Amino acid sequence: MSTTLPELRRTGTVVLTSAETAEAGHPTFDMAAATAGFVEDNGDFVRMWTVAQDEAARALAAGEPGAVESVAVQLGVSPDAAREQIRGLRYPDAREQAGPEFFGGALGDVLVDTAAFLVEARETDGTAPPTTYRQMPYAEAIEEVAAR
């Protein structure tokens with residue numbers, strides 16, 4: 001799976017990039033999710049996970065040595081393949097994620113739209129009510145990390 005993008009680029013034609021879809025108002029996200037119960041029962045873990053993700057986003061955005069190698073290890077690919085996979089991606093830190101474009105506002109609406117798209121594409125059988133997507137039970141951790 002992790003070698004799909006390089007293979008597609010080698011044998012195909014780019015039709016649309018994630019940067020182009022984001023510019024058109026349809027961003028893509030790489031997210032981790034947890035149930036409200038897990039978040040409630042494991043608040044310290046969620047905060048530490050958020051700190052680690054914030055540090056990783058900062059390292060990748062800054063082009064710090066070792067950041068791409070860490071991604072390569074996580075994906076099980078070479079550093080060159082990882083570099084190719086992450087080329088052109090944005091890495092917003094916790095402060096940006098706490099703002100109006102992400103958990104501070106628009107992300108919930110994007111998730112509602114994504115859920116509807118997945119139903120239309122027959123990738124899922126149904127969606128939760130829009131309020132489910134708009135209520136991010138762990139946004140507090142992002143706001144806490146953003147304030148440090």
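The values are calculated or read from the model by the stated rules, or taken from the named source; none is laboratory data. All of these numbers come straight from a predicted model, not from anything done at the bench. FYI the Cβ positions are ideal-geometry reconstructions off the backbone, even for glycines, and counts take in every protein chain you see. In case anyone asks, the SASA skips ligands and DNA or RNA and just uses the protein heavy atoms, side chains included. Shrake-Rupley method; radii C 1.70, N 1.55, O 1.52, S 1.80 Å.
Would you check if there is a residue in the stretch 49-58 being open to solvent by less than 60 Å² (accessible area, probe 1.4 Å), modelled with pLDDT under 90 and β-branched (Val, Ile, Thr)?
If we filter the stretch 49-58 for residues that are open to solvent by less than 60 Å² (accessible area, probe 1.4 Å), which is where we start, we get 50-52, 54, 56-57.
Then keep just the ones that are modelled with pLDDT under 90; that gives none.
The answer is no; no qualifying residue exists.
Sort through Val15, Val51, Val68 and tell me the only one that's over 14 Å from the mean Cα position of the chain (by Cα) and in contact (Cβ under 8 Å) with a residue 40 or more places away in the chain. I'd like the intermediate steps shown before the answer.
Working: Val15 fails: in contact (Cβ under 8 Å) with a residue 40 or more places away in the chain; Val68 fails: in contact (Cβ under 8 Å) with a residue 40 or more places away in the chain.
Selected residue: Val51, the only one of Val15, Val51, Val68 that is over 14 Å from the mean Cα position of the chain (by Cα) and in contact (Cβ under 8 Å) with a residue 40 or more places away in the chain.
Is it the case, given these coordinates, that Ala81 is touching a residue at least 40 places away in the same chain (Cβ under 8 Å), assigned by the TED database to the domain that holds Arg58 and crowded, with 16+ Cβ neighbours inside 10 Å? Reasoning before the result, please.
On the way: touching a residue at least 40 places away in the same chain (Cβ under 8 Å): yes; assigned by the TED database to the domain that holds Arg58: yes; crowded, with 16+ Cβ neighbours inside 10 Å: yes.
The answer is yes for Ala81.
In the stretch 23-48, which residue that is in the same structural domain as Arg87 (by the TED database) and over 17 Å from Gln135 (Cβ atoms) is least open to solvent (accessible area, probe 1.4 Å)?
Among those residues, the one meeting the criterion is Asn42.
Taking the condition farther than 23 Å from Ala147 by Cα and hydrophobic (A, V, I, L, M, F, W, C), does Leu60 pass?
Details: farther than 23 Å from Ala147 by Cα: no; hydrophobic (A, V, I, L, M, F, W, C): yes.
No, not satisfied.
Which condition number in (1) in contact with a Gly (Cβ under 7 Å, 6 or more places away or on another chain); (2) without any contact (Cβ under 8 Å) to a residue 24 or more places away in the chain is the one that Ala98 fails?
(2)
Can you tell me which residue in the stretch 90-130 is most open to solvent (accessible area, probe 1.4 Å), limited to those that are of a type in the set (Phe, Trp, Tyr) and closer than 30 Å to Arg148 by Cβ? Can you show your working first?
Pass one, the stretch 90-130, residues of a type in the set (Phe, Trp, Tyr): 91, 102-103, 117.
The next check asks that each one be closer than 30 Å to Arg148 by Cβ; those that pass are 91, 102-103.
On the way: Tyr91: 60, Phe102: 18, Phe103: 40 Å².
For the stretch 90-130, the residue satisfying everything is Tyr91.
With the structure loaded, tell me whether Val71 is surrounded by 18 or more Cβ atoms within 10 Å (Cβ to Cβ), assigned to a helix (DSSP H, G or I) and in the same structural domain as Gly43 (by the TED database) or whether it fails that test. It would help to see each step written out before you state the result.
Numbers: surrounded by 18 or more Cβ atoms within 10 Å (Cβ to Cβ): yes; assigned to a helix (DSSP H, G or I): yes; in the same structural domain as Gly43 (by the TED database): yes.
So Val71 passes the test.
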